[in-house]
Amino acid sequence: MATRLTAAAATILGVAVGCGPTEVGRHLREYVASGFPPPPKASARLAEARSAREAGSRTVLAAPQTAPAARSVWDGAYTLAQAKRGALKSGLCVNCHGDEFRGDPAPDLAGPDFLMRWDGRTVGDLFELIRLTMPDDDPGSLPREQYADLVAYILAVNKFPTGSSEIGIDAGPLKQIRILAAKP
């Protein structure tokens, strides 16, 4: 499996460990070579998951907020360590979302288009959408902790501040954290 590291991930990791993006890429290749398995591909499960994704994404995207979120991403919803772990996994996303998460062919995960689309929704909505539909070739195949790490990385790429606690793996509490494009 060819693993690519996004430019943003390489920069975040490089700053964190004191090396450049090229060195971070080498570390990632070593990590993958050490036995990090790519997600399994199961054609029957893929067809079933795609159907569920189509139905699920409509449901998740159209789900009304029943209770106001108690906090926002501006309060620090993830830790730097969690975003770093998500950055290591972000290579799974670049084939569809691009090196800098700016879409092509999939929706943007960073920048103004992402913020406009997710403004007012919750971290729980984002977590569930990603967990139920990604990776595209084997949805739901990652452990919940890795999906939480990827959500943390997406928040970091969008320049939301870090906090003192990690994003959890239960969508219920995450639905209390609202994504706001602008700082309140």
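The values are calculated or read from the model by the stated rules, or taken from the named source; none is laboratory data. Please read all numbers here as calculations on a predicted model, not as lab measurements. Please note: Cβ atoms are built from the backbone with ideal geometry, for glycine as well, and neighbour counts cover all protein chains shown.
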Test Thr66 against the stated conditions and say whether it is under 25 Å from Gln176 (Cβ atoms), of a type outside the set (A, V, I, L, M), assigned to a helix (DSSP H, G or I) and modelled with pLDDT under 80.
no
Matching entry among Leu88, Leu92, Leu132 (being in contact with a Phe, Trp or Tyr (Cβ under 7 Å, 6 or more places away or on another chain), of a type outside the set (D, E, K, R) and crowded, with 18+ Cβ neighbours inside 10 Å)
Leu88
Given the condition under 13 Å from the mean Cα position of the chain (by Cα), modelled with pLDDT under 95 and among the hydroxyl-bearing types (Ser, Thr, Tyr), answer yes or no: does some residue in the stretch 135-148 qualify?
no
Residue pairs meeting the criteria (Cβ under 7 Å; at least 6 apart or on separate chains; first farther than 12 Å from Arg178 by Cα, in the stretch 103-132; second of a type in the set (Ser, Thr, Tyr) and surrounded by fewer than 19 Cβ atoms within 10 Å (Cβ to Cβ)):
Leu129/Ser57
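Results for (1) among the hydroxyl-bearing types (Ser, Thr, Tyr); (2) in a helix (DSSP H, G or I), shown as yes or no for each residue.
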{"site": "Ala81", "(1), (2)": "no, yes"}
{"site": "Gly103", "(1), (2)": "no, no"}
{"site": "Ile130", "(1), (2)": "no, yes"}
{"site": "Ser141", "(1), (2)": "yes, no"}
{"site": "Ala148", "(1), (2)": "no, yes"}
{"site": "Ala152", "(1), (2)": "no, yes"}
{"site": "Leu155", "(1), (2)": "no, yes"}
{"site": "Lys159", "(1), (2)": "no, no"}
{"site": "Leu180", "(1), (2)": "no, no"}
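Of all residues in the stretch 146-184 being among the acidic types (Asp, Glu) and in contact with an Asp or Glu (Cβ under 9 Å, 6 or more places away or on another chain), which is surrounded by the most Cβ atoms within 10 Å (Cβ to Cβ)?
Step one: of the stretch 146-184, the residues among the acidic types (Asp, Glu) are 149, 166, 170.
Narrowing the set further to residues that are in contact with an Asp or Glu (Cβ under 9 Å, 6 or more places away or on another chain) leaves 149, 166.
Working: Asp149: 26, Glu166: 18.
The qualifying residue surrounded by the most Cβ atoms within 10 Å (Cβ to Cβ) is Asp149.
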Would you confirm whether any residue within the stretch 128-144 is closer than 13 Å to Ala77 by Cβ and touching a Leu at 6+ places or on another chain (Cβ under 8 Å)?
no
